[in-house]
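The values are calculated or read from the model by the stated rules, or taken from the named source; none is laboratory data. Not measured: the values here are computed from a predicted model. Here Cβ is always computed from backbone atoms with ideal geometry, including for glycine, and neighbour counts include all displayed protein chains.
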Amino acid sequence: MTHRFGSALIVGAGPGLSASLCRLFTREGIKVALAARTIAKLAPITEETGAHAFAVDSAEPLQVQGLFDAVAERIGDPDIVVYNASGRTRGPLIDLDPAEVARTLAVSAYGGFLVGQLAAKRLLLRPEGTLRGAILFTGASASVKGYARSAPFAMGKFALRGLAQSMARELAPQGIHVGHFIIDGGIRAAGRAGPPDSLLDPDAIAASYWHMLQQPRNAWTWEMELRPFVESF
């Protein structure tokens, strides 16, 4: 192994991309913590990899603080933090429930802020002049394109992208690699069919996350777009 990462926290974990990231990190000798509102769905991946599961509502500050404390006690402060959580509320604009919209924004954007802020606080305690760690955010087509009947999702993903860009500009000079990924297309999952290569392979997405994590600090990327070759821009 040539990397210097010992532990990772994935927030908003599930059986798709997060599971692929968990497998990849585990193969690289990295201890992994997975966090989600419902951790029962994480049982297969924790049994497979030995990762630790934690319950959290990422939009609740006290729960996020408790998560970082619990993870630090179990596997140490994470060197890598990945934020995969997002809320989805769809429908005609005039029919949207304001409370559901607020919840979508809380999970997609505010939760990203809470997790990113706490990750940064802990990473900044590490010695200056070193690679202190990495914070990665998962975006979507909606990070840059607002689709009809999907205003709340676009609002949340636009905000998350702005957060990531601002954090990258502030924290990169302090040794923290902040990255944002625009996943422009559907992710292949069990039961989700389509023509060959029309859906993104979660393992291939995870490999791109790892590529960003391996970049030398004199050539860092803050954002990467990924899409199947058949997906239009």
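Residues of region 155-197 being in contact with a helix residue (DSSP H, G or I) (Cβ under 9 Å, 6 or more places away or on another chain) and among the hydroxyl-bearing types (Ser, Thr, Tyr), which ones? Reasoning before the result, please.
Filtering region 155-197 for residues in contact with a helix residue (DSSP H, G or I) (Cβ under 9 Å, 6 or more places away or on another chain) gives 155-164, 167, 170-171, 174-185, 187-189.
Hits for region 155-197: nothing passes.
Checking region 90-110 against the condition returns a match, with at least one residue being out of contact with any His (no Cβ under 9 Å at 6 or more places or on another chain), in contact (Cβ under 8 Å) with a residue 24 or more places away in the chain and among the aromatic types (Phe, Trp, Tyr). Here Ala70 meets the list (1) farther than 15 Å from Tyr209 by Cα; (2) within 15 Å of the chain's Cα centre (by Cα); (3) part of a helix (DSSP H, G or I) almost entirely, failing just condition (2).
Inspection of region 141-154 identifies at least one residue that is within 23 Å of Val56 (Cα to Cα) and touching a helix residue (DSSP H, G or I) at 6+ places or on another chain (Cβ under 9 Å). Whenever a residue of region 168-192 is on the phi > 0 side of the Ramachandran plot and at pLDDT 95 or above, its partners that are in a strand (DSSP E or B) and not acidic (Asp, Glu), lying with C-beta atoms within less than 9 angstrom and at least six residues away or across chains, give the pairs Gly175/Gly133.
Scanning region 112-124 for residues being free of Cβ contacts under 8 Å to residues at least 40 places away in the same chain and not in a helix (DSSP H, G or I) gives a total of 0.
Results for (1) over 25 Å from Arg217 (Cβ atoms); (2) crowded, with 24+ Cβ neighbours inside 10 Å; (3) under 15 Å from the mean Cα position of the chain (by Cα); (4) among the charged types (D, E, K, R), shown as yes or no for each residue.
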| site | (1), (2), (3), (4) |
| --- | --- |
| Ser20 | yes, no, yes, no |
| Ala36 | yes, no, yes, no |
| Pro44 | yes, no, no, no |
| Ala51 | yes, yes, no, no |
| Val64 | yes, no, yes, no |
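Kindly establish whether Glu100 is out of contact with any helix residue (DSSP H, G or I) (no Cβ under 9 Å at 6 or more places or on another chain) and part of a helix (DSSP H, G or I).
No; evaluated as a whole, the condition is false for this residue.
Could you say whether any residue in region 189-197 is basic (Lys, Arg), more than 18 Å from Tyr83 (Cβ to Cβ) and loosely packed, with under 14 Cβ neighbours inside 10 Å? Within region 189-197 (the criterion being basic (Lys, Arg), more than 18 Å from Tyr83 (Cβ to Cβ) and loosely packed, with under 14 Cβ neighbours inside 10 Å), the answer is yes, since at least one residue qualifies.
Could you pull out the residue among Ala109, Ala85 that is assigned to a loop (DSSP other than H, G, I, E, B) and at pLDDT 95 or above?
Values: Ala109 fails: assigned to a loop (DSSP other than H, G, I, E, B).
Going through Ala109, Ala85 in turn, the sole match is Ala85.
Of all residues in region 23-32, none satisfies being under 22 Å from Gly87 (Cβ atoms) and either touching a residue at least 12 places away in the same chain (Cβ under 8 Å) or within 17 Å of the chain's Cα centre (by Cα) (or both). Of Ser208, Ser198, Ser232, all but one fail to be under 18 Å from Lys145 (Cβ atoms) and either of a type outside the set (A, V, I, L, M, F, W, C) or part of a loop (DSSP other than H, G, I, E, B) (or both); the exception is Ser232.
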